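Notes for the one structure printed next.
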There are 2 protein chains.
Amino acid sequence: MQRVKVEKKILVANEEYAAKNRDALAELKIPCLNVISSPGSGKTTLLARTIRELKGKIRIGVIEGDLQTDIDAQRIMATGAPAIQINTEGACHLTAIQVSQAMEKLPINELDLVFIENVGNLVCPSAFDLGETAKVAVLSVPEGDDKPSKYPTIFARAKALLINKIDLLSGVDFNMDKARADVLKLNKDIKIFPVSAKTGEGMDRWLNWLGDLTKK
Amino acid sequence: MQRVKVEKKILVANEEYAAKNRDALAELKIPCLNVISSPGSGKTTLLARTIRELKGKIRIGVIEGDLQTDIDAQRIMATGAPAIQINTEGACHLTAIQVSQAMEKLPINELDLVFIENVGNLVCPSAFDLGETAKVAVLSVPEGDDKPSKYPTIFARAKALLINKIDLLSGVDFNMDKARADVLKLNKDIKIFPVSAKTGEGMDRWLNWLGDLTKK
């Protein structure tokens, strides 16, 4: 019981910072997307391509969460976009206070959209509100079409799902209809975008969705 | 501080059960491998192929950990091997007490080797000793060669690493030499097996390693 109480306290503290982040973003009218997936689903490649495709149209900043290294922030900065790296030093998800601190370092007044790339983990990050406008899940086809039913929480909570690496579809057993149906069973309003961040296939619908989201 | 104390208590309780599991397995001279990876790296396919290839030579039982569903246990049982499914109901890793309960349900006296397939998560499961003989990490090539440096803990602690889905190498950017070098920097004694659980390529060395492990 003690553990439950302590965890509740931590979640309450997190929610306070999440509310602050949400208020600050709402005041500036900047949507913020909390991107959640397994390690290696292609989140960073997807964000880098998204930034490049929207250059001159939507100004994007990125908060990068990783256990170690600043590899991902470097990859984002190579696109010309600002990126702030958070190293969790072993922790399995980002917290709202970390995001609050990173937001202060971003040139937030010059942005139209903020992405948070969470730690690669399909389980823990979905329990922590960061103050985002919406959660976005990424599932890559080599991970398998059974993941929505096996890891339902994030698929139930996300506003959008990118099914990435569709360039690999012919080499893996992934039934797109089954994946879609399983996700829609959990979350009938979710937007699903099958894409390849590598080849660019399917990116248009995703970019249009981001365009609608950032219309002020 | 309170959280740290409570977590320590939970880890101590876990370690007590882990020690019990380890003693029980040592008495029976049954090695037990705790298999850890991201979701979708191919753990279940790998175990199913391993069981089929070793049929008549090494008798294998499997403890399956998942948030939800018994999909994985069903896939293992289809090979003819006994499998016990644990549903963590949202928790991001298995605990030693869960494994202890599952071991009681396995026909342990008739086995030569036990696999624990942990919840798909490259972060949290590596912190929890289950009483296993060794941890085995699985990394699939579509996840990327930067994962060992970004998620070092499991690669530092595992006795063996399977680099799976090498049948997809030509379609993805994965530098096997870099991955090897990064893993060996973290853990110079780790055994590395590049394999395709789908085509069977590279499985021989892994199966031989299991053969040596189970020699009584």
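The values are calculated or read from the model by the stated rules, or taken from the named source; none is laboratory data. What you see is a predicted model, and the numbers here were worked out from it, not measured in a lab. Positions of Cβ are backbone-derived with ideal geometry, glycine not excepted, and every protein chain shown enters the neighbour counts. Surface accessibility is based on the protein's heavy atoms, side chains included, excluding ligands, DNA and RNA. Shrake-Rupley method; radii C 1.70, N 1.55, O 1.52, S 1.80 Å.
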How many residues of the stretch B:135-147 are closer than 20 Å to B:L46 by Cα and out of contact with any strand residue (DSSP E or B) (no Cβ under 6 Å at 6 or more places or on another chain)? The answer is 5
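Take the conditions modelled with pLDDT of 95 or more and outside any strand (DSSP E or B) and apply them to B:L168. Does it pass?
Working: modelled with pLDDT of 95 or more: yes; outside any strand (DSSP E or B): yes.
The answer is yes for B:L168.
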Going through the stretch B:187-206 in order, the residues found to be surrounded by 17 or more Cβ atoms within 10 Å (Cβ to Cβ) and either in a helix (DSSP H, G or I) or charged (D, E, K, R) (or both) are B:K198, B:M203, B:W206
Out of (1) open to solvent by less than 30 Å² (accessible area, probe 1.4 Å); (2) within 14 Å of chain B (Cβ to nearest Cβ); (3) closer than 26 Å to B:Q68 by Cα; (4) part of a loop (DSSP other than H, G, I, E, B), the one A:D173 does not meet is (1)
Out of (1) within 12 Å of chain B (Cβ to nearest Cβ); (2) polar (S, T, N, Q); (3) in a helix (DSSP H, G or I), the one A:N14 does not meet is (1)
Scanning the stretch A:48-84 residue by residue, those polar (S, T, N, Q), surrounded by fewer than 20 Cβ atoms within 10 Å (Cβ to Cβ) and more than 14 Å from every other protein chain (Cβ to nearest Cβ) turn out to be A:T79
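Would you confirm whether any residue within the stretch A:157-164 is among the charged types (D, E, K, R), away from chain B (no Cβ under 11 Å), assigned to a helix (DSSP H, G or I) and open to solvent by 10 Å² or more (accessible area, probe 1.4 Å)?
Pass one, the stretch A:157-164, residues among the charged types (D, E, K, R): A:157, A:159.
Right, trim to away from chain B (no Cβ under 11 Å) and you get A:157, A:159.
Still in the running and assigned to a helix (DSSP H, G or I): A:157.
Now narrow it down to the ones that are open to solvent by 10 Å² or more (accessible area, probe 1.4 Å): A:157.
Looking for residues that are among the charged types (D, E, K, R), away from chain B (no Cβ under 11 Å), assigned to a helix (DSSP H, G or I) and open to solvent by 10 Å² or more (accessible area, probe 1.4 Å), one finds at least one in the stretch A:157-164, hence yes.
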When every residue in the stretch A:87-98 that is more than 10 Å from chain B (Cβ to nearest Cβ) and open to solvent by less than 20 Å² (accessible area, probe 1.4 Å) is compared, the one farthest from B:K150 (Cα to Cα) is A:A96
Scanning the stretch A:124-146 residue by residue, those over 19 Å from A:I163 (Cβ atoms) and not β-branched (V, I, T) turn out to be A:C124, A:A127, A:F128, A:D129, A:L130, A:G131, A:E132
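From the list A:N175, A:N208, A:N187, exactly one residue is closer than 27 Å to A:K8 by Cα, over 16 Å from the mean Cα position of the chain (by Cα) and without any contact (Cβ under 8 Å) to a residue 40 or more places away in the chain. Which is it?
That would be A:N187, the only listed residue that is closer than 27 Å to A:K8 by Cα, over 16 Å from the mean Cα position of the chain (by Cα) and without any contact (Cβ under 8 Å) to a residue 40 or more places away in the chain.
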For the structure I just gave you, tell me whether A:L28 is surrounded by fewer than 24 Cβ atoms within 10 Å (Cβ to Cβ) and within 21 Å of B:V123 (Cβ to Cβ). no
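Kindly indicate whether B:F155 is without any contact (Cβ under 8 Å) to a residue 40 or more places away in the chain and within 14 Å of the chain's Cα centre (by Cα).
Working: without any contact (Cβ under 8 Å) to a residue 40 or more places away in the chain: yes; within 14 Å of the chain's Cα centre (by Cα): yes.
Considered against the rule, which asks whether it is without any contact (Cβ under 8 Å) to a residue 40 or more places away in the chain and within 14 Å of the chain's Cα centre (by Cα), B:F155 comes out as yes.
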How many residues of the stretch A:113-152 are open to solvent by 20 Å² or more (accessible area, probe 1.4 Å) and either closer than 30 Å to A:K215 by Cβ or assigned to a strand (DSSP E or B) (or both)? The answer is 4
Reported set for the stretch A:33-42 where residues are of a type outside the set (V, I, T) and open to solvent by less than 10 Å² (accessible area, probe 1.4 Å) is A:L33, A:N34, A:S37, A:S38, A:P39, A:S41
